[in-house]
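Shown next, in structure tokens, is the structure this report addresses.
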Amino acid sequence: MSRVSATALVVLFAIIPLYGTFGALDPDRPPIPPLVPQAVTVAIALVALAAMLAVVPAAWRAARRDTLTIALFAPSIAIGLAGLIGFDPPTGLGLALLAAGFAAAGLAVARGAGPALVRRCVRALLWSALVGSLIALAMLVAHRPAALYAYNNGRAVGTFLNPNELAAFALATLGVAAPLAAASRGRDRLATACAVVLLITLFATFSRWGVFAAVCGVVVYALAARARVLLVGAVAVAVAGIALNQVAGALHHNPRDTEARVVAWQAGLTTFERFPLTGVGPFAYGRTYDAFRPPDGPGPKTPVAFDPHSLPIAYAAHSGLAALASFAVLITILVRGALRSARGAAPRSRAVAIGLAAGLVALLVDGAINTISLVIPLLIQVGPLALAVVRTDALD
């Protein structure tokens, strides 16, 4: 792999926490000041696009006529088809190209990255997770920006779109940090610090479902690694999560959010029922919400009008059965491939592969009642990292 493509891969792993800043470019964003100036947001977007283009040659050389290649690019094809015939073709086709870029990065790292590059990608992901989480915690402690703190009811958010996005990122990256920290018995200082800070950050989001998803991830890891003690740990996390919610969690949630979420699910299912094959097009949900919402549902200018607030319902409503099926197949291939290849891997590589598989499962559980825009880079880009770790034994 060329030096340019290798550097681009590292960049793409490092800037994942900055994707939430793209919300500043959305004209329908919440009525709060953007976290970073619009010019900086545009610069970040241009860097990401340049990195994706630089990875294309490496992805082209790594492509095969096999299930992994097809599965990685199938979602972008399904999204592009839905966008082409949907209510907002330019936006839909743009998202399809971004999904294809992430697929190229995932394929390049899964097939073409050598041990040194895999280690750099893992390190870049850990550093970005550590720095991004520390920024979120600092903003929470300082109550700054005040408008963002108030809008999110005192929940950690940082550079992400909302607290649930941050919780999802923490779940996925804990799948790398926690196994590395445990396998090194704390000697890997970056992984250990990252795991501790990510766990604190997850609780600071006060995401009740996020904590439940974390427990599900720990259970998957314990079963795959045959580590019974972790099952006890999962129960401890669950108890701690319940206690935290009883003591402080309720103070950080608006009771209306639950009612609005139910309305969003109903409207999303109705949208899918009307457009089952290809949906209404990516990001075009708001254009039909007013026609499909329940009679007593919030109006078309409220936040609930732009998002079904459930990952499977969102993909079904936006892109129909084609996209939903393609993502289901990709998830199955990545999780099964990681668990299967981990069986004969060296200890640390095995731990990280199983951890990433567990992290993806936790991410999907979290997405059951949350829409996570970060799922594309986390799934299509970070997911294949498990295959690369096992293939190269880079961490042992």
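Helical runs (DSSP H, four residues minimum) scored at -39500 (n - 2.57) apiece and divided by the length of the chain put the mean residue ellipticity at 222 nm at -23500 deg cm²/dmol. Protection proxy ranking for 7-17, 72-82, using the average of other Cβ atoms within 10 Å per residue and placing the highest first: 72-82, 7-17. Computed FRET efficiency, Cβ-Cβ of residue 143 and residue 223, R0 35 Å: what is it to the nearest 0.05? E(calc), rounded to 0.05, equals 0.30. Only Lys, Arg, Asp and Glu carry charge here, each on its Cβ (+1 for the first two, -1 for the last two); on that basis the stretch 3-392 has a dipole of about 1640 debye about its Cα centre.
I'd like to compare 64-71, 122-129, 310-317, 219-226: which one has the highest average count of other Cβ atoms within 10 Å, and what's the full order after that?
Working: 64-71: 14.1, 122-129: 20.4, 310-317: 24.8, 219-226: 18.8.
Per-residue Cβ counts within 10 Å, averaged per peptide and sorted highest first, yield 310-317, 122-129, 219-226, 64-71.
Note on residue 346 and residue 236: their simple-model spin labels are 3.0 nm apart, each label 7 Å out from Cα toward Cβ.
The relative contact order of the stretch 3-392, computed from alpha carbon pairs under 8 Å that lie at least 6 residues apart in sequence, is 22 percent.
Given a Förster distance of 25 Å, report the FRET efficiency between residue 302 and residue 49 from their Cβ-Cβ distance, rounded to the nearest 0.05. Each step should come with its number before you reach the end.
Details: r = 32 Å, r/R0 = 1.27.
After rounding, the FRET efficiency stands at 0.20.
Taking 0.36 nm per residue of separation and subtracting the current Cα-Cα distance, fully stretching the chain between residue 396 and residue 321 would add 22.9 nm.
Residue by residue, the stretch 317-332 carries 3J(HN,Hα) couplings of 6, 7, 10, x, 4, 4, 5, 4, 5, 5, 5, 4, 5, 4, 4, 4 Hz when phi is fed to the Karplus relation 6.51 cos²θ - 1.76 cosθ + 1.60 (θ = phi - 60°); x denotes Gly or Pro.
Applied to the stretch 382-392, the Karplus parametrisation 6.51 cos²θ - 1.76 cosθ + 1.60 on θ = phi - 60° returns per-residue 3J(HN,Hα) values of 6, x, x, 4, 4, 5, 5, 4, 6, 4, 9 Hz, with x for Gly and Pro. Taken as Cα centroids, the stretch 121-164 and the stretch 27-102 sit 24 Å apart, rounded to the nearest whole angstrom.
Mean shadow of the stretch 316-396, computed from the convex hull of its alpha carbons, in nm²?
Details: hull surface 20.5 nm².
Taking a quarter of the hull surface, the average projection is 5.1 nm².
Size of the chain: Rg and Dmax of its alpha carbons, in Å, are 20.0, 59. Taking the Cα of residue 119, stepping 7 Å toward and past its beta carbon, and measuring to each backbone N in the stretch 166-207: which are under 19 Å? Flagged as within label range: 176-194. Summary of the geometry: the stretch 332-380 and the stretch 285-299, compared by the centres of their Cα atoms, lie 35 Å apart. A simple rule links phi to the HN-Hα coupling: the Karplus curve 6.51 cos²θ - 1.76 cosθ + 1.60 with θ = phi - 60°, which for the stretch 85-98 gives 9, x, 8, 9, x, x, 5, x, 5, x, 5, 4, 5, 5 Hz, with x for Gly and Pro.
According to the Kirkwood expression over distinct Cα-Cα pairs, how big is the hydrodynamic radius of the stretch 109-221, in Å?
Values: mean 1/r = 0.0684 Å⁻¹.
Kirkwood hydrodynamic radius for the stretch 109-221: 14.6 Å.
No value in this document is a laboratory result; all are computed from the given coordinates. Remember, predicted model here, so these are calculated numbers, not experimental data. Backbone-built Cβ (ideal geometry, glycine too); neighbour counts: all protein chains shown.
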